[in-house]
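Notes to accompany the following structure.
The values are calculated or read from the model by the stated rules, or taken from the named source; none is laboratory data. Note that the structure is a prediction, hence the values are computed from the model and not measured. Virtual Cβ from ideal backbone geometry, glycine too; neighbours counted across all protein chains shown. Accessible surface is based on the protein model in full, side chains and every heavy atom, while ligands, DNA and RNA are left aside. Shrake-Rupley method; radii C 1.70, N 1.55, O 1.52, S 1.80 Å.
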Amino acid sequence: MNYNIILAGVGGQGSLSVSVVIARAAMASGFLVKQSEVHGMAQRGGEVLAHLRISDGEIQSPTVPEGDADLILAFEPLEALRYLAWLSADRGTVVAATAPIRNIPNYPDLDTVLGEIEKLPRRRLVDADAIAKAAGSARSANVVLVGAAADLLPIPPEAIEREIAALFARKGEDVVRANLKAFSDGRAHAAR
Amino acid sequence: MPEFVFSGDEAIARGAMDAGLSGAFAYPGTPSTEIMEYLQDNLGEYKAALAEGDRPQVVAQWCSNEKTAYESALGVSFVGRRAMVSMKHVGLNVAADPFTNSALVGIKGGLVVVVADDPGMHSSQDEQDSRVLADFARVPCFEPSDQQEAYDMTRAAFDYSEEHGVPVMLRVTTRLAHARASVATNAQRSPNALEKCGDPSAWILMPAMARKRWAALLGKSTRFRADAEDASSLELRDAGLGVITCGLGLRYYLENEGDWAAAHSGARPSHLHIGRYPMGNEKIRLLAAHVERILVIEEGYPYIERAMAGVFPAPLPVLGRLSGALPEAGELSADSVRAALGLSPKASAAKAGIPIPQRPPQFCQGCPHADSITALKEALSDEAEFYVASDIGCYTLSALPPYSAVESCVDMGASVGMARGASCVGQKRAVGVIGDSTFYHSGMTNLLDAVAHKTRLTVLILDNSTTGMTGAQPTIAPGSRMAELVAGLGVEREHIRALEAHRKNHEANVAAIREELGYDGVSVIILRRECLEHLKKMRQA
């Protein structure tokens, strides 16, 4: 079993934290993982990209080869389109948040962007911001998105819940509860 | 053997602790920063496991720059304890003097020099390959191919350093430094006892002694090569293709090996993996005698590929980054290696039907640098001629629209020196823009030059109390001392202006910058406000 994920977002969205949550949950479920990200200058409001590879055997390349991603988890819709070369033609799914981050002057028309994602054979567009707000935790949109992709991952959702709880434990019980709700609301949204 | 998930940087830091480290020194630089961060975060736990007497003598410290960090590490080695100095590739240029000369001294406590190269320039101004500098200094270099090897090789590097009395370079690259995988660790070893090097002449590089030390170093190279040869692994298989890998090249090759075998009736290429330098030649000869062509897969410069010239009789085609089989610039990937192996790409989803605009990094909302740069731009708006030299830091983003405010960015501290040089030969309104951390690193000496030669120069020190771009590490001195420091370098007090970098002060700041631009001498404008990332980090802590 090999499962490759591209996590794409914009600096400040928490994509790297989510990558760690999934990686730890995979390890706790008995898988090997390799996770790759780039820090530094790229973090300042620019594109953020993390590669996460999950396998029951030895993993070689730290990055996902092109055409080999099972999942693109995009925290921003334009960022989903940026990495389509990585998406497997036969089995890849895009799970993308619909809310744009327009911090560049030439951001394309949003309907066109979403339309491009709709053209893919396997995709889920999720208004993660709205679901997170409705759950009372606007900052948990990233966790909502993981919930919306949870049934695609080779990891039991309970393992992900445990890692979400561990990640936010420092910030108190309320934050933990809000994020667990965000995760389950994301799952419920995908199941509809 | 407990298992942890470590980035390459963390694996090295953990490896150094478990190998009995006493002193670690560094200046922040992507992708090496997390080595020191891990050491500092875990120092308490490390000390707690040591004998009580050893605890006060273990340190992990940020330093002014890579050269000072290196020299502190050398002192640790002199008194017999284990030292590690870590830096990014261009940091080794700054530390090149102690690095090159330390190859000649009698290293006592193990000295490991960790250099993190940044092929692809994710966060750097060049993609130089540190293996070349290890070769230049005649220092052995170890190159891990994954996180486990990064952990294991760190200890091996300390041992090799002590066994042979030389510094050992540990070379990693971005995708190893910043990728995570599980790592099995060993028991912690105690630090060395404090014991000065018994032979002081081994450390005094005056010409007569240095000649002996140089001869001794050259004498060790045969052994270095033989050990590197032993550590390399050769498998003679397919008689057509031979592959040579090092570092992450191994992982990109193995990613594709199965597909290559499937396309060649199950045969796998003959394969030599090199993990240490200076490399031996014998296994390369054996490989060359067995195959019809060789593909060299190495991250960085075509270093092995070049070194193979003359090792075996031509004509045997050697393919690699020099030959063009792999791109000479940028990072390797499983994809570029796949193409070099002659395999067709995996089927990707259809490309987006619209062009995808780049999303370049930008100033954080409310960043003090943005306010400083806006004020500088306005102050210069009525000047016919000017030159604004920038330095290395977040503020270099002001080179991009909408600011387009600075005209050069070369190396740490260059803003002050370049503006000064330009001013000396007639450039009007020469301005250097530099952050506080970069100023401490390499800007101060340039300012001293300007004072000595009474150069007409305006320096803006953007003091955000942190090393921001690498994730807000503490600077070596507090901002409260900056004005005194600048005065101490000889800048006249009435031309040292301390301002708060904030849009509410915009008009006053513009006026102050204009006044100093009009001064025929050295002026320094300190624009101070704390970095927002730094504030956030402080609040979390």
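Inspect the stretch B:361-382 for any residue being away from chain A (no Cβ under 14 Å), closer than 18 Å to B:ASP436 by Cα, of a type outside the set (Asp, Glu) and touching a Phe, Trp or Tyr at 6+ places or on another chain (Cβ under 9 Å) and give the result as yes or no. Looking through the stretch B:361-382, at least one residue is away from chain A (no Cβ under 14 Å), closer than 18 Å to B:ASP436 by Cα, of a type outside the set (Asp, Glu) and touching a Phe, Trp or Tyr at 6+ places or on another chain (Cβ under 9 Å). Here B:LEU104 does not qualify as assigned to a helix (DSSP H, G or I) and open to solvent by 20 Å² or more (accessible area, probe 1.4 Å).
With respect to B:GLY75, is the statement that it is on the phi > 0 side of the Ramachandran plot, at pLDDT 95 or above and either of a type in the set (Gly, Ala, Ser) or in contact with a Phe, Trp or Tyr (Cβ under 9 Å, 6 or more places away or on another chain) (or both) true? For B:GLY75, the condition - on the phi > 0 side of the Ramachandran plot, at pLDDT 95 or above and either of a type in the set (Gly, Ala, Ser) or in contact with a Phe, Trp or Tyr (Cβ under 9 Å, 6 or more places away or on another chain) (or both) - is not met. Within the stretch B:8-42, the set of residues being open to solvent by 10 Å² or more (accessible area, probe 1.4 Å), within 14 Å of chain A (Cβ to nearest Cβ) and of a type in the set (S, T, N, Q) comprises just one member, B:THR30. Quick one: B:LEU326 ticks every box in (1) under 25 Å from B:PHE142 (Cβ atoms); (2) assigned to a helix (DSSP H, G or I) except a single one, so which number is it? Condition (2) is where B:LEU326 drops out. Taking the residues in the stretch B:274-305 that are among the hydroxyl-bearing types (Ser, Thr, Tyr) and outside any strand (DSSP E or B) as candidates, determine which candidate is surrounded by the most Cβ atoms within 10 Å (Cβ to Cβ). Step by step, filter the stretch B:274-305, then rank; the result is B:TYR303. Would you mind finding the one in A:ALA74, A:ALA69, A:ALA135 that is in contact with a Ser or Thr (Cβ under 7 Å, 6 or more places away or on another chain) and crowded, with 20+ Cβ neighbours inside 10 Å? Result of the check over A:ALA74, A:ALA69, A:ALA135: A:ALA69.
One residue is enough: does the stretch A:85-105 have a residue meeting the conditions buried (at least 24 other Cβ atoms within 10 Å of the Cβ), within 11 Å of chain B (Cβ to nearest Cβ), of a type outside the set (Gly, Ala, Ser) and touching a Ser or Thr at 6+ places or on another chain (Cβ under 9 Å)? Give the derivation first.
Initially, the stretch A:85-105 is screened for residues buried (at least 24 other Cβ atoms within 10 Å of the Cβ), giving A:86-87, A:92, A:94-97.
Pick out the ones that are also within 11 Å of chain B (Cβ to nearest Cβ) and you get A:86-87, A:92, A:94.
Checking which are of a type outside the set (Gly, Ala, Ser) leaves us with A:86-87, A:94.
Restricting the remaining residues to those that are touching a Ser or Thr at 6+ places or on another chain (Cβ under 9 Å) gives A:86-87.
Yes: the stretch A:85-105 contains one or more residues that are buried (at least 24 other Cβ atoms within 10 Å of the Cβ), within 11 Å of chain B (Cβ to nearest Cβ), of a type outside the set (Gly, Ala, Ser) and touching a Ser or Thr at 6+ places or on another chain (Cβ under 9 Å).
For residues in the stretch B:335-349 being open to solvent by 40 Å² or more (accessible area, probe 1.4 Å) and more than 7 Å from chain A (Cβ to nearest Cβ), which is nearest to B:ARG528 (Cα to Cα)? So the residue we want is B:ALA339.
Sort out which residues of the stretch B:439-493 are under 30 Å from B:GLU37 (Cα atoms), open to solvent by 30 Å² or more (accessible area, probe 1.4 Å) and outside any loop (DSSP other than H, G, I, E, B), and write them in order of number. Result: B:MET444, B:THR445, B:ASN446, B:PRO474, B:SER480, B:ARG481, B:ALA483, B:GLU484, B:LEU485.
Restricting attention to the stretch B:9-62, and to residues there that are among the small types (Gly, Ala, Ser) and in a helix (DSSP H, G or I), which single residue is farthest from the chain's Cα centre (by Cα)? Lay out the reasoning, then the answer.
Let us first name the residues in the stretch B:9-62 that are among the small types (Gly, Ala, Ser), namely B:11, B:13, B:15-16, B:19-20, B:22-24, B:26, B:29, B:32, B:44, B:48-49, B:51, B:53, B:60.
From what's left, in a helix (DSSP H, G or I): B:11, B:13, B:15-16, B:44, B:48, B:53.
On the way: B:ALA11: 17, B:ALA13: 15, B:GLY15: 19, B:ALA16: 18, B:GLY44: 26, B:ALA48: 30, B:GLY53: 34 Å.
Going through the qualifying residues, I end up with B:GLY53.
Screening B:ILE354, B:ILE392 for residues that are among the β-branched types (Val, Ile, Thr), buried (at least 24 other Cβ atoms within 10 Å of the Cβ), in contact with a helix residue (DSSP H, G or I) (Cβ under 7 Å, 6 or more places away or on another chain) and part of a loop (DSSP other than H, G, I, E, B) leaves exactly one candidate, B:ILE392. A single member of B:ALA263, B:ALA267 is open to solvent by 40 Å² or more (accessible area, probe 1.4 Å), at pLDDT 95 or above and either outside the structural domain of B:GLN128 (by TED's automatic domain parsing) or acidic (Asp, Glu) (or both), and it is B:ALA263.
Yes or no: B:GLY258 open to solvent by 10 Å² or more (accessible area, probe 1.4 Å), part of a helix (DSSP H, G or I), at pLDDT 95 or above and within 14 Å of chain A (Cβ to nearest Cβ)? When the stated conditions are applied, B:GLY258 passes them.
Based on this model, can you work out whether B:ARG175 counts as assigned to a helix (DSSP H, G or I) and within 26 Å of the chain's Cα centre (by Cα)? Lay out the reasoning, then the answer.
Values: assigned to a helix (DSSP H, G or I): yes; within 26 Å of the chain's Cα centre (by Cα): yes.
Judged against the criteria, B:ARG175 is a match.
When the residues of the stretch B:170-190 are narrowed to those that are surrounded by 24 or more Cβ atoms within 10 Å (Cβ to Cβ) and away from chain A (no Cβ under 14 Å), which ends up nearest to B:ARG82 (Cα to Cα)? Result: B:LEU170.
Out of all the residues in the stretch B:526-541, which are out of contact with any helix residue (DSSP H, G or I) (no Cβ under 6 Å at 6 or more places or on another chain) and not acidic (Asp, Glu)?
In the first step, residues of the stretch B:526-541 are kept if they are out of contact with any helix residue (DSSP H, G or I) (no Cβ under 6 Å at 6 or more places or on another chain); the result is B:530-541.
Result: B:CYS531, B:LEU532, B:HIS534, B:LEU535, B:LYS536, B:LYS537, B:MET538, B:ARG539, B:GLN540, B:ALA541.
Sub-8 Å Cβ pairs linking a first residue in the stretch B:323-339 that is under 11 Å from B:GLU299 (Cα atoms) to a second residue that is basic (Lys, Arg) and buried (at least 21 other Cβ atoms within 10 Å of the Cβ), at least 6 apart or interchain, are B:PRO327/B:ARG321; B:GLU328/B:ARG321; B:GLU331/B:ARG175, ordered by first then second residue.
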